Structure formats: structure tokens, C-alpha cells
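I have placed the structure first, in the form of C-alpha cells, so that the comments after it can refer back to it.
The values are calculated or read from the model by the stated rules, or taken from the named source; none is laboratory data. Since the structure is predicted, the reported quantities are computational estimates derived from the model, not experimental observations. Backbone-built Cβ (ideal geometry, glycine too); neighbour counts: all protein chains shown. Note: accessible area is taken over every heavy atom of the protein model, side chains too, but ligands, DNA and RNA are not part of it. Shrake-Rupley method; radii C 1.70, N 1.55, O 1.52, S 1.80 Å.
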Amino acid sequence: MISHGKDIKLFTGNSNPALAEEICKLIGTKLGEAEVKSFADGEASVSLYESVRGSDVFLINSTCKPVNDSLMELLIMIDALRRASAGRITAVVPYFGYARQDRKTKPRDPISAKLVANILTRAGADRVLTMDLHANQIQGFFDIPVDNLLGSPIFVNEFIRKFAAVQDETMVVSPDVGSVARARAFAQKLGMPLAIVDKRRQKANSSEVMNIIGDVTDKHVILLDDMVDTGGSLCHAAKALVDIGKAKSVTACATHGLLSGPAVQRIADSVIDEVVFLDTIPPKAGVAACEKIRYISVAHMFAEAISHIYEETSVSRLFS
């Protein structure tokens, strides 16, 4: 229980209330009394039922599907807290939507991640706490402090135990060139070699595997990514590792399980033995029926980060 400084209050929207409840239990406080609902025409409505004047407020809401509804809930709650004279408002966004639109890839493209950063800041957020941004440079889109937690330490602990008996026969694989830095750091923490799946993306949510850089023959491989959307890239990479690379088994892990469209069925039909996600996004309907998908809670990491921010102490050790 935090017992010093200004009072701390945690609120949540509708995107991931289960995670918010678990974070509150770990911190030793109750979830703030608020109601977030929609009018008949779809407009979000927010009501706060307790005073937040001078409080250090943490607002927990992933901007996951329905993305625009979740984002508007977050913005309106920030505005309500600011107008209610909250001392400091920290937007805790376990999954930061629009992060894939972080640069112009063709003429007249928007940079939507920057737009969302501007809106959050203008709404009244004093700082942002998130996890595994799709591109690290998004931190620079904000003019307020951003703490971008890493999910890899949780996976490191998980896979050290799982592959302890066959560590010498296990490799980490990056599913594409863009994820190499993340996969390299993960492999170093596990003490394992690294391989890369080289692919050519023809269009959005579609990819063609071209080559495997590294020898994965008769290896247990761990595919690491920051998110899985439709599952096409992940399942194609796994198939190439088995068919072309002759890998012995494939286990995958990703921080954010968006699991849009046919993703769950694709994973169920794939050569992947298991996919492990963090619960930054709540499991969608039908996931429980897929025995290959498993979730690990991130509540303890966010609870610790929130405690450090509240107590004005360093959060750097959470990145180790």
C-alpha cells in the first residue's frame, strides 16, 4: 500500500477493465468510481462519482478495438479529470492504437500516431505510460514524458523455464527485418542465437516469405513480435521455418494480441505449437476455444510502474 504523498486514484474506461482491477489489487487501492457509457447515437459519456481535486490520477485504457471508441473514452475522461482539478493525469495506455501509422510510406499519407499524441497532450494528459510501442520513435511525438515499458522481460522469465532443458537447441527468430533490434535484445537476455525471416510485404495484412537468415535446422524456435493482427505474417513465418528451415518446433510470443478477422483460426490451423500474449488487450470472443493461445498478465509490471511514478522514483529497472 502506498502511504505517502498525494492520494492516488485509478480510473478505467471500457476497453480493459479486468486489467485495471488487477492493477488496483496489486497496488492496494480500489478502482475509482466512474461511469463510461454511450448515448443512443454512439457518443461517449463520462461521469466521475468521486472527487479528484489535487489527486495523482492514473487513467487506464487501451486504445484497442473498437479503436476510435476507446480513444474517445480516454480523451473525454482526461478532459473530465482536468476540469475536475486533478493534480496530475497519467494516461496508462497498455496498447497504443494507431502506432503503425508512424511515418509517411507514400505521398499524402497521414502520420496518425503523431496526431493521436497531439490530441492526448492537448486533452490534458501530463504523461503517458504504455508498453511496446510499434516504433520507439513515437515517444518523440509527445511533448510530455512517455514511459514505454517492455514486455520482453516477462517473456524472458517464461521461456527460460520452458526451454531450460533444451536451451542449446533453441533459437530466437525475428519474423521480419523491422523487428530485428527487439529480437536481438530478447535473444541476448535468453542467451540464445538469432535468426531472421526475410519477407516481402505485397500489401497491408499480407506477406510473402522469401528467405531465412540463419540455420534453424532441428531447432526449437521462438518467434518474437510486438503484435499479432490478422496472424498472416506470423503463421507464414512459422510455416517457412518448418518447411524451408526444417525447424523442430515453433513457439510464438507477442505483446499485443489484436487477433482481427481470421487470426484465431489461422493460429489454430498453423504449425505453431503455442502463441503467448500479454493481456494489454483483453482476449476476444472465441480465443478460449483455441488451445494454442495463452495469456500472461502484465498487471504486476504496470502496478510497479504506477507506484514508481506516484512516488517520484525511477522506473528504469523495469526495462531490465
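Overview of values
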{"quantity": "Residue in the stretch 296-318 that is surrounded by the most Cβ atoms within 10 Å (Cβ to Cβ), counting only those that are closer than 24 Å to VAL156 by Cα and without any contact (Cβ under 8 Å) to a residue 12 or more places away in the chain", "calculated": "HIS308"}
{"quantity": "Within the stretch 77-110, tally of residues that are in contact (Cβ under 8 Å) with a residue 12 or more places away in the chain, open to solvent by 70 Å² or more (accessible area, probe 1.4 Å) and more than 19 Å from ILE281 (Cβ to Cβ)", "calculated": "2"}
{"quantity": "The listed residue being modelled with pLDDT of 95 or more and open to solvent by 10 Å² or more (accessible area, probe 1.4 Å), out of LEU74, LEU31, LEU10, LEU59", "calculated": "LEU31"}
{"quantity": "Lone unmet requirement of (1) at pLDDT 95 or above; (2) among the aliphatic types (A, V, I, L, M); (3) open to solvent by 10 Å² or more (accessible area, probe 1.4 Å); (4) assigned to a helix (DSSP H, G or I) for ILE144", "calculated": "(4)"}
{"quantity": "Which numbered condition PRO145 fails, given (1) in contact with an Asp or Glu (Cβ under 9 Å, 6 or more places away or on another chain); (2) farther than 21 Å from THR63 by Cβ", "calculated": "(2)"}
{"quantity": "Hits in the stretch 275-295 (condition: open to solvent by 30 Å² or more (accessible area, probe 1.4 Å) and not in a loop (DSSP other than H, G, I, E, B))", "calculated": "ALA288, ALA289, ARG294, TYR295"}
{"quantity": "Per-region count, the stretch 137-158, residues touching a residue at least 40 places away in the same chain (Cβ under 8 Å) and either in contact with a Cys (Cβ under 7 Å, 6 or more places away or on another chain) or within 20 Å of ALA299 (Cβ to Cβ) (or both)", "calculated": "9"}
